[in-house]
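The numbers here are math on the coordinates, done by the rules we state, and not lab data. These figures come from a predicted structure and were not determined experimentally. Methodologically, a virtual Cβ is constructed for each residue, glycine included, from the backbone with ideal geometry; neighbour enumeration extends over all protein chains shown.
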Amino acid sequence: MANLRDLRRRIKSVKNTAQITKAMQLVAASKMKRAQDQAVSGRPYAEALNKVLNKLKTRAEDLEHPLLEQREGERELLLVVNTDKGLCGGLNTNLLRKTLSEAGPETRFVTVGTKLRTTLARLKKDLQADFQIKDPVQFSDAKAVARFVTDQYLEGQVDRVRVAFTNFVSTLTQVPVVETLLPISPLALGKPKDFDMAATRPAPVDAADKFVTGGDYSYLYEPDPASVLVALLPQYINYTFYQMVLEARASEHSSRMVAMKNATDNAKQLIKDLTLEYNKARQAAITSELLEIATAQMAIS
Amino acid sequence: MSLKLSIVTPETVAFADQVDSVVLPGFDGELGVLESHVPLVTNLQPGELVFRKSGKEVHLAVGEGFVEITQHEVNVLADLAIEEEGIQEDMVEKALQSAQKALEDKGADHTPEEVAALQASIAKSLAQLKVKRRRRSV
């Protein structure tokens, strides 16, 4: 009899867990959608920025600027964009593995997200700073981080800044990657990023048309092309980093969604098995009771 | 044919419509744009953008960015764009003060990330206040 009660209790608790994981799955799904939409709504900005950068690049050739200069040194800053919360499958583990394989002994770390901050601190890595970026991602938050690393770079504290984040390929696939943020490669300037999830989708028509102004005007640049370009570089960095954070967020939510879906499925299977066992035990109890009654009756008559 | 103004931020397209004229904070001072302006690209200072549409003036706070002007179009790219009505002065004021206070208060034992976040918040608040204040003094 005690066995029956135990089973009932377990079934109830597994059912509760399934409810929670199901809810988390739905929340993650909607958050993932939002992160994707956010990346898409930033598209007109990216296009306009790239267009002007491309034009400026040809007008301001041989431009020398600290942000464009390739330095020799080995001191590197690695910006690790991970998650604040767990329960998202192997996302942070995979990112950590990639990060550690890319990092040298001299590498300094800056983290966004608490999960890998604690891990990196435990591994006794040189942790410089830790930022929090809320959900949904605000551009101003990303800007603060980008400005911080840009300052470090310009002060000569580091010779290179790279960003480790999880690239969103599809709902089921997220790949950890390490991309160079600073110095800016003049070749990549003004080109769409290969990690940009928005670029791989068909553009909404009005957004794509908005900045394709017909004909190549001979623009006046105020004060001159080089200064305009120099002023644009920090914004290019800010935007690039913002895009990376969006990728990381979309990956986090889709990974959590898949993990929670698996958890829900497992819980359902468990409930099924437990219910079967419960019914077996119940029937066994009834049978043995019947047998007892029958035996008692036979003994009397 | 009139002038088409679009204001784009990394988060969204903040505004896109036909307007009569635009005044924006350019590289060296305010820049008024009417139709058939000479094609121009310049940097944008954080400050106030005003556009006129059928006799009505609309004021916006914009962050840093740049502007691309062609004969019939004005494309503003800024990292922030908030309409004046959306700015709540006392809230912004409070945010500004608390950020400045926090920055001065502890001084040396601020972590670098805190300083960066506070500076960003101060810059944002200042741009918004500038718009609100200026409007009133006129």
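Across peptide B:65-72, the mean count of Cβ atoms from other chains lying within 10 Å of each residue's own Cβ comes to 5. Remark on the range A:128-187: ratio of C-alpha radius of gyration to 2.2 N^0.38 Å is 1.30.
In units of 2.2 N^0.38 Å, what is the alpha-carbon radius of gyration of the range B:1-84?
Values: Rg = 11.3 Å, N = 84, 2.2 N^0.38 = 11.8 Å.
The value comes to 0.95.
How long are the three semi-axes of the equivalent ellipsoid for the range A:1-55, computed from the Cα gyration tensor as the root of 5 times each eigenvalue, in whole Å, largest first? Intermediate results must be reported in sequence, preceding the final value.
On the way: eigenvalues 566, 9, 3 Å².
Working through the eigenvalues yields semi-axes of 53, 7, 4 Å.
Between the range A:1-73 and the range A:106-151, the alpha-carbon centres lie 16 Å apart.
The calculated FRET efficiency for B:GLN100 paired with B:LYS130, based on their beta-carbon distance and R0 = 22 Å, is about 0.90.
Compared with the dominant Cα axis of chain A, that is its longest principal axis, helix A:91-102 is turned about 40°. If Lys and Arg each add +1 and Asp and Glu each add -1, what is the summed charge of the other residues whose beta carbon sits under 9 Å from the beta carbon of A:ALA267? Summing Lys and Arg as +1 and Asp and Glu as -1 gives +2.
Can you pull the semi-axes for the range A:1-155, root of five times each eigenvalue of the Cα gyration tensor, sorted largest first, whole Å?
Values: eigenvalues 376, 109, 26 Å².
Semi-axes, largest first: 43, 23, 11 Å.
Highest mean packing comes first when the peptides A:151-158, A:108-115, A:250-257 are listed by Cβ atoms within 10 Å, giving A:250-257, A:108-115, A:151-158. Taking Cβ atoms as reference points and 14 Å as the exclusive limit, the residues near A:VAL158 contribute a net charge of -4, counting Lys and Arg as +1 and Asp and Glu as -1. Considering only A:GLN174, A:ILE11, B:ASN75, and ranking their Cα positions along the charge dipole of the protein assembly as shown that arises from unit charges at the beta-carbon of Lys, Arg, Asp and Glu, the one farthest toward the positive end is A:ILE11. So what does the Cα-only Debye profile of the protein assembly as shown read at q = 0.08, 0.14 Å⁻¹, as log10 I(q)/I(0), no solvent term? Each listed q corresponds, in turn, to -0.56, -1.35.
Helix A:2-41 versus the longest principal axis of chain A: what angle, 0 to 90°, nearest 10, using Cα atoms? Relative to chain A, helix A:2-41 is tipped by roughly 20 degrees. Here the range A:69-120 is described by how far its Cα atoms reach on the three principal axes: 41, 18, 18 Å, from widest to narrowest.
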